1. Scanning segment 62-84 for residues that are part of a helix (DSSP H, G or I) and polar (S, T, N, Q), which turns out modelled with the highest pLDDT?
2. From the set of residues in segment 1-33 that are of a type in the set (D, E, K, R) and at pLDDT 85 or above, which is nearest to Glu64 (Cα to Cα)?
3. Do you know which residues across segment 46-64 are surrounded by 14 or more Cβ atoms within 10 Å (Cβ to Cβ) and not charged (D, E, K, R)?
Amino acid sequence: MAKSKSQGQETVSGKKTIKCPYCQKNTSVVPAEDYQPIFADCKACGKRYILQRTREGIEALKIESASLLENPDLREIELGQGDEE
């Protein structure tokens with residue numbers, strides 16, 4: 001299973017509750033305002049994963065199975081390569 005899609009549940013403070021793609025336990029996150037992927041840390045298992053908004057809600061991805069454009073560290077490098085001459 002490469003990706004774990006999780007629908008976020010709204011809360012008053014802008015936080016959402018999603019399932020960690022590693023331990024499958026519920027964890028609270030604050031997603032980015034835009035559709036840029038960000039890193040998040042699971043409060044249950046302590047692992048870092050990628051969190052991104054989608055049309056359907058929020059998607060939580062394992063770092064090792066994410067594409068270059070889904071990984072916040074690699075996304076900037078990949079998108080910036082066209083600017084060099």
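1. Among those residues, the one meeting the criterion is Ser65.
2. Step one: list which residues in segment 1-33 are of a type in the set (D, E, K, R), which gives 3, 5, 10, 15-16, 19, 25, 33.
Okay, now just the ones that are also at pLDDT 85 or above, so 15-16, 19, 25.
Values: Lys15: 25, Lys16: 23, Lys19: 17, Lys25: 19 Å.
If we take residues in segment 1-33 being of a type in the set (D, E, K, R) and at pLDDT 85 or above, then Lys19 is nearest to Glu64 (Cα to Cα).
3. Initial filter on segment 46-64 (surrounded by 14 or more Cβ atoms within 10 Å (Cβ to Cβ)): 47, 49-53, 57-63.
Answer for segment 46-64, where residues must be surrounded by 14 or more Cβ atoms within 10 Å (Cβ to Cβ) and not charged (D, E, K, R): Tyr49, Ile50, Leu51, Gln52, Gly57, Ile58, Ala60, Leu61, Ile63.
The values are calculated or read from the model by the stated rules, or taken from the named source; none is laboratory data. This is a predicted model, so every value here is computed, not measured. Neighbour counts are summed over all protein chains in view; Cβ atoms, including those assigned to glycine, are modelled from backbone coordinates with ideal geometry.
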